[in-house]
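Each value in this text was obtained by applying a stated rule to the coordinates, not by laboratory testing. Everything numeric in this text was worked out from a predicted model, so none of it was measured. Note: ideal-geometry Cβ built from the backbone for every residue, glycine included; neighbour counts use all protein chains shown.
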Amino acid sequence: MGKNRQERKKKVYEFFIKYQRPEEFAKDPLKYYNADRVKEYAESKALMRIQEGITKRCVELVQAVPPSLFLDLGAGCGFSSLYLKIKGFRTVGMDINRIFLSYYSLFETNPIQGDLREFTWRPNSVDFIISISAVQWLLAEDDELLRKRYLYRLSHFCASALKPQGKLVFQFFPKSNEAMMELGHTFLETNAFEGNFVIDNPDNPKKRRIFLLLTRK
């Protein structure tokens with residue numbers, strides 16, 4: 001990869017967070033993303049462009065070829081799912097918030113309401129799992145036991161749902177190096193995955209993109 005897209009295994013990253021993020025002060029995405037906020041989010045052309053760009057990068061990382069099946073966790077109003085659908089992939093978009101799932105006509109992405117913290121799926125049935133800007137809501141849980149339980153359930157859910165050699169890619173915004181590592185370690189501790197983080201623009205905190213890229217053994 002080029003200088004701006006490198007895999008870094010042991011580097012400790014510094015995080016400069018100027019403003020408190022929604023997951024830190026709101027905690028509950030159902031309370032934060034009310035009808036007004038969903039409308040503002042869903043109608044933002046800037047957010048749509050950003051998320052489509054991140055989704056395109058995720059597809060590159062997992063080297064997906066249509067018509068593979070993507071499960072989009074924390075799909076929101078469907079920016080990623082719709083992009084994948086347009087590119088010829090089969091998609092299922094899952095989000096905890098029914099308002100998000102009903103904002104646009106998302107029937108082609110097979111939307112389902114579900115919680116990242118507790119969900120089941122038919123085993124060995126998904127080619128790829130993608131999640132963009134969602135998993136940090138779990139990492140923001142202050143109660144350590146609860147946070148570890150949520151991450152444990154998510155990691156085992158993904159391990160069960162993916163086909164052997166299937167891949168997952170999570171783009172997320174950790175607030176610290178420790179939070180980033182906690183997510184990676186939880187998934188690797190299942191002994192079901194191999195892989196690491198991919199960091200785009202690693203030395204530029206404003207443009208840095210962090211991806212957890214794993215392959216199901």
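Computed 3J(HN,Hα) for segment 42-57, one whole-Hz value per residue from the Karplus formula 6.51 cos²θ - 1.76 cosθ + 1.60 where θ = phi - 60°, is 5, 9, 7, 5, 5, 5, 4, 5, 4, 5, 5, x, 5, 4, 4, 5, glycine and proline marked x.
Taking packing as the residue-averaged number of other Cβ atoms within 10 angstrom, the listed peptides 44-52, 160-168 run from highest to lowest as 160-168, 44-52. For segment 168-173, the Karplus equation 6.51 cos²θ - 1.76 cosθ + 1.60, evaluated at θ = phi - 60°, returns couplings of 10, 9, 10, 9, 7, 10 Hz by residue, with Gly and Pro reported as x. At q = 0.10 Å⁻¹, what is the base-10 log of I(q)/I(0) for the chain according to the Debye formula with one equal point scatterer per Cα and no solvent? Please give it to two decimals. Debye intensities relative to I(0), on a log10 scale: -0.40. The residues neighbouring ALA42, those whose beta-carbon lies less than 13 Å from its own, together hold a net charge of -1 under the Lys/Arg +1, Asp/Glu -1 convention. Volume per residue of the convex hull around the Cα atoms, evaluated for segment 124-217, comes out as 85 Å³. Dipole check for the chain: with +1 at the C-beta of Lys and Arg, -1 at the C-beta of Asp and Glu, and the Cα centre as origin, the magnitude is about 640 Debye. For segment 38-81, a simple Cβ point-charge model (Lys and Arg +1, Asp and Glu -1, everything else neutral) yields a dipole of about 100 debye relative to the Cα centre.
Legend: ranking of residues MET94, MET181 from fewest to most surrounding C-beta atoms inside 10 Å; resulting order MET181, MET94.
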